[in-house]
Amino acid sequence: MNKKFILNMNTKILSCMLIFCCWCGYTQGKETIKVYGITCEYKKDPIGVDSPHPRLSWKISADAKDVLQTAYEIRVANDVKGLQGKNIYWNSGKIGNGASVHIPYNGKELKSGERYFWQVRIWDNKGNVSPWSEVNFWEMGLLNVSDWKAKWIQSSQVTPTETAPSPLFRKAFSLKTKIKKARLYISSYGLYDAYINGKRLGNAYFTPGWTSFHKQLQYQVYDVSTQLISGSNAIGVMLGDGWYRGNLMGGRNFYGKEPALLAQLLVEYENGEKEVIATDESWSMSTNGPIRSADIYNGETYDARKEIANWSNADFNSKGWNKVLVNSELPLNNLIISSAPPVTAHERIKPIKVITTPKGEKVIDFGQNLVGWVNFTVNGKAGDSLTITHAEVLDKEGNFYTENLRAAKQQLMYILSGQGEETYHPHFSFQGFRYIKIEGAKEKITTDNIEAIVLHSDMAPTGTFKTSNALINQLQHNIQWGQKGNFLDVPTDCPQRDERLGWTGDAQAFFNTAAYNMDVAGFFIKWLKDLKADQFSNGAIPHVIPYYWKGEQGGSAGWADASTIIPWDFYQVYGDRKILADQYESMAKWVQFMTNNSTNNLWDKGWHFGDWLFYIPDDDRDGKAAITDKYLIAQTFYAHSVQLMINTSKVLGKQEDVLKYESLLEKVKAAFLNEFVTPSGRLVSSSQTAYVLALNFDMLPESRRAQAAKRLVENIESYDYHLTTGFLGTPYLCHVLSRFGYEDIAYKLLMQETYPSWLYPVKKGATTIWERWDGIKPDGTFQNKEMNSFNHYAYGAIGDWMYKNIAGIQPIEEFPGYKQFMVAPKPGGGITNAEASFESVYGKVSATWQIQNSVMQLAVEVPPNTKAKVVFPNAVPGTIKQENGKDIAKEEHWLGSGKYKFTFNVKDK
Ligand code: BGC
């Protein structure tokens with residue numbers, strides 16, 4: 001053979017090998033490993049990002065088991081083609097680690113308003129490489145104050161301090177041909193609804209959202225490229241009072257008296273030319289529109305006769321409209337992009353029946369206590385009017401009951417235009433209701449032409465939970481509906497009475513449960529920004545966030561600790577260090593406040609809500625009321641917050657702080673023992689909450705914990721297996737019982753059907769969580785109307801225990817975000833099967849089990865790039881078998897990613 005031939009053959013073999021290898025690598029990668037679920041700052045393809053280093057995350061799907069990412073590569077460009085070119089914005093290179101969530105962009109400086117495209121590919125521990133992901137993008141918001149060309153405009157008409165008609169603003173303009181892209185950047189004081197050429201923009205309501213307006217005001221960005229045309233266009237915006245100047249507990253006009261609008265339309269033509277249409281003195285306005293009044297608490301009055309056809313179209317004749325006022329005193333430097341998911345419409349619920357009450361009222365029952373508004377279609381004479389009032393419950397006699405709404409009217413008044421079929425829902429008001437009462441032209445409404453629309457922040461569902469017990473399933477349903485109803489831009493205590501505020505204590509109590517049920521990351525990132533912004537200069541955290549009251553009301557134990565508890569719990573669920581870094585200073589300031597208000601390390605000052613709404617029997621002569629000393633509670637939360645500072649400083653690598661807080665914690669605990677615990681271990685308050693908090697926050701030395709747990713159980717027994725805890729004790733009650741080996745008692749409490757218990761309201765027909773254990777008393781009468789919400793999520797905090805213990809799904813503290821997690825179900829309470837899942841930042845985690853004749857089957861799903869420790873409860877040694885026949889030797893077993901099934905015998909108890 002000649003040399004040339006050999007060379008030729010070698011090259012051929014080599015290229016064949018190369019092609020084969022590439023093909024293998026490619027097909028292998030394609031078949032076995034892929035990235036999906038790609039997000040930037042918790043959103044898919046967000047428009048409007050203001051971080052200079054947006055964080056990128058992805059999930060991995062793989063056919064094989066035990067898959068871990070070993071490396072990744074990200075590439076970013078400012079156009080799709082550029083991704084493969086040399087002129088790339090950022091190429092991370094192949095980074096040899098398993099990080100697949102919250103990877104900060106680290107390339108060239110990002111520019112205002114620019115869109116960036118990106119892709120990722122990964123390598124795994126089996127030698128596979130994934131194909132490049134689909135192309136994703138994020139788009140920057142307006143990064144500099146100078147990017148805002150718009151001016152704040154307001155009504156030129158005198159706005160009364162009471163409610164006023166919603167002003168309409170408009171501007172016609174003309175555009176050249178070949179529009180490449182167009183964006184509207186918009187914000188307002190008060191709420192806005194924006195239209196372009198007669199069409200409403202986006203699907204969000206209650207924009208720009210509720211924040212601490214003067215410190216940070218959100219704006220939104222809309223891609224309006226396809227809504228604009230070459231030639232004549234118009235933009236129209238309607239403003240409502242909203243949280244800005246409408247009623248809020250204690251009065252109105254808290255943030256200001258006059259709504260205002262800021263809007264800037266940026267149009268880019270194919271030829272690169274740019275044009276800006278922005279709010280300024282050239283806009284016109286009118287107060288003659290149909291919304292005669294709109295208020296979050298009170299509802300809306302809508303006169304359809306005053307609808308102005310085509311008011312946001314270009315060909316509208318705006319003769320008679322007024323000039324606008326430009327207010328150059330309103331700032332631009334408080335504008336921030338909205339990080340939370342917007343409030344959007346969800347379920348549409350048809351009425352289940354029409355009732356004529358004993359009083360003769362016409363009432364419609366939607367079958368579910370919900371938050372949102374009604375949507376109806378009617379025909380009738382011009383000037384006919386309908387009044388719709390909303391209520392959560394009917395009273396004992398079956399009459400419509402609104403006394404628990406306090407001053408909130410929750411009422412709509414609709415005046416017909418008489419122009420054929422008319423469809424209406426409110427714009428700037430939401431209601432909490434299951435029932436509506438119809439007055440006026442009541443014959444117009446039938447079950448066919450009205451529906452209830454559920455509104456809440458657009459959080460993706462992340463959790464499912466179901467068991468063999470129908471009452472527990474209803475409890476879970478009620479918890480989820482409590483969450484829907486109270487996660488409308490801020491986490492509120494209740495959604496119906498004249499309150500609806502971001503109560504900090506309620507939010508921290510419910511956070512973990514909420515984070516199982518839905519993706520609450522963006523929602524809480526936003527709220528925590530306000531918490532930080534509203535923190536008082538002495539470090540105290542206001543009772544409600546956003547804060548708007550006069551003076552400085554805050555610093556209550558268990559409420560203000562939302563500042564430390566939520567960031568830490570958030571980190572556990574999402575594995576996001578940034579939230580800890582962002583909140584660190586605020587957390588530390590809160591702890592310093594407690595230290596500053598302590599005497600010899602005992603936090604013994606200030607006003608506290610205590611264990612809010614704990615059990616108080618009527619006519620108590622036996623000392624059965626479950627009162628817990630407020631300073632005892634305060635000391636336990638002080639210790640807990642210090643512990644969270646230790647944990648957080650460790651994560652952030654702040655060694656000095658770790659030592660500082662460790663030494664503080666020792667002193668805080670010693671002071672607790674000295675003040676609140678007798679030498680033989682009795683707490684000064686003999687309540688469930690006292691023992692629960694002391695145990696949950698490790699206030700007692702290890703040697704004295706078992707006796708305390710026993711005292712807790714004795715207390716529960718003395719109440720005939722009823723809980724007596726309020727807002728602060730309840731979230732930890734069952735956790736403490738489980739931790740100290742009293743799983744059976746935890747289940748007894750959970751399964752208890754008589755008052756006070758979680759299932760008592762369920763048995764009374766509740767469809768949401770109540771504010772009080774006995775909102776409706778056993779005799780059918782109501783609790784105190786001043787504070788009796790039927791949609792208050794705090795007691796729904798038991799959901800966290802249900803996911804962690806019944807289903808057994810729980811994060812492991814050292815590996816946050818479910819990078820490593822546990823599946824450790826603890827069956828009990830007669831439940832024979834349970835099925836739960838949680839969509840973690842790495843993908844779906846699930847646990848399903850059933851027990852029959854002392855044989856338990858357990859199925860587990862572990863997403864790629866994670867590991868799980870499975871604990872087989874009560875397993876008879878030597879009986880645990882995997883579906884493939886493999887014997888599992890130990891009760892605790894580590895699993896890599898994949899789906900597994902196990903069977904084992906359960907010990908008789
Ligand atoms: C709210 C609560 C809140 C409490 C403070 C009430 O009016 O509805 O949920 O936490 O005040 O104790």
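Between Ala859 and Asn538, the distance separating the two model label sites (each 7 Å from Cα on the Cα→Cβ line) works out to 5.8 nm.
Hydrodynamic radius of region 145-337 by the Kirkwood approach over all distinct alpha-carbon pairs: 16.9 Å. Each of Lys350 and Asn106 was given a label point 7 Å from its Cα along the Cα-to-Cβ line. The distance between the two points is 5.6 nm. Taking label positions 7 Å along the Cα-Cβ direction at both Thr447 and Gln882, the computed distance is 5.4 nm, reported to one decimal.
In units of the compact-protein estimate 2.2 N^0.38 Å, region 343-453 shows a Cα radius of gyration of 1.02.
For the chain, the convex hull spanned by the alpha carbon atoms encloses 207 Å³ per residue. State the Kirkwood hydrodynamic radius of region 463-807 in Å, one decimal place, computed from all pairs of distinct Cα atoms. 20.3 Å is the Kirkwood radius here. The Kirkwood hydrodynamic radius of region 175-279, based on inverse pair distances between different Cα atoms, is 14.8 Å. Along region 185-193 the Karplus relation, 6.51 cos²θ - 1.76 cosθ + 1.60 evaluated at θ = phi - 60°, assigns HN-Hα couplings of 9, 8, 8, 7, 9, x, 8, 10, 10 Hz to successive residues, with x for each Gly and Pro. The phi torsions of region 90-95, fed into the Karplus equation with coefficients 6.51, -1.76 and 1.60 and a -60° offset, translate into couplings of 7, 10, 5, x, 7, 9 Hz, rounded to whole numbers, with Gly and Pro shown as x.
Centre-to-centre separation between the Cα atoms of region 218-296 and those of region 617-695: 50 Å. Taking a point 7 Å out from the Cα of Gln850 in the direction of its Cβ, the residues of region 867-905 whose backbone N falls within less than 17 Å of it are 883, 900-905. Cα centroids of region 551-612 and region 467-530: 20 Å apart.
Taking a sphere under 10 Å around the Cβ of Thr648 and counting the other residues whose Cβ falls inside, with K and R at +1 and D and E at -1, yields a net charge of +2.
The base-10 log of I(q)/I(0) for region 31-140, evaluated at q = 0.15 Å⁻¹, reads -0.59 [Debye formula, identical scatterers on Cα atoms, solvent excluded]. Each of Arg252, Arg621 was scored by other Cβ atoms within 10 Å of its Cβ. Listed from fewest to most, they are Arg621, Arg252.
Computed on the Cα atoms alone, the convex hull of region 816-905 gives a volume of 87 cubic angstrom per residue. Annotation for region 786-837 versus region 123-192: alpha-carbon center distance of 38 Å. For Lys763 and Tyr36, a Förster radius of 35 Å and the Cβ-Cβ distance give a FRET efficiency of 0.25, rounded to the nearest 0.05. Put in order of Cβ neighbour count within 10 Å, fewest first, the listed residues Asp124, Asp384 become Asp384, Asp124.
Helical content of the chain, expressed as a calculated mean residue ellipticity at 222 nm, amounts to -7500 deg cm²/dmol (DSSP H runs of 4 or more residues, -39,500 (n - 2.57) each, divided by residue number, nearest 500).
Of the trypsin sites (Lys or Arg not before Pro) found in region 496-560, those that fall in a DSSP loop while having at most 15 other beta-carbon atoms within 10 Å are Lys550. In terms of other Cβ atoms within 10 Å, Cys40, Cys734 run from fewest to most in the order Cys40, Cys734. Across region 607-617, computed HN-Hα scalar couplings (Karplus, 6.51 cos²θ - 1.76 cosθ + 1.60, θ = phi - 60°) run 8, 10, 6, x, 7, 2, 6, 5, 5, 10, x Hz from first to last residue, x flagging Gly and Pro. Shown here for region 796-879: GluC sites (Glu not before Pro) in loop regions (DSSP other than H, G, I, E, B) with at most 14 other Cβ atoms within 10 Å, namely Glu813, Glu814. Taking Lys and Arg as +1 and Asp and Glu as -1, the other residues whose beta-carbon sits under 9 Å from that of Asn486 total 0. Compactness check for region 621-708: Cα Rg over 2.2 N^0.38 Å is 1.20. A Stokes-Einstein calculation at 20 °C with viscosity 1.002 mPa s, built on the Kirkwood radius of region 530-638 over Cα pairs, returns a diffusion coefficient of 141 µm²/s.
Stokes-Einstein diffusion for region 385-443 at 10 °C, viscosity 1.306 mPa s, with a Kirkwood radius from C-alpha pairs, works out to 125 µm²/s.
Normalised radius of gyration (Cα atoms, divided by 2.2 N^0.38 Å) for region 46-89: 1.57.
No value in this document is a laboratory result; all are computed from the given coordinates. Treat the numbers as computed from the prediction; the structure is a model and nothing was measured. Reconstructed Cβ throughout: ideal geometry from the backbone, glycine too, with neighbour counts over all protein chains shown.
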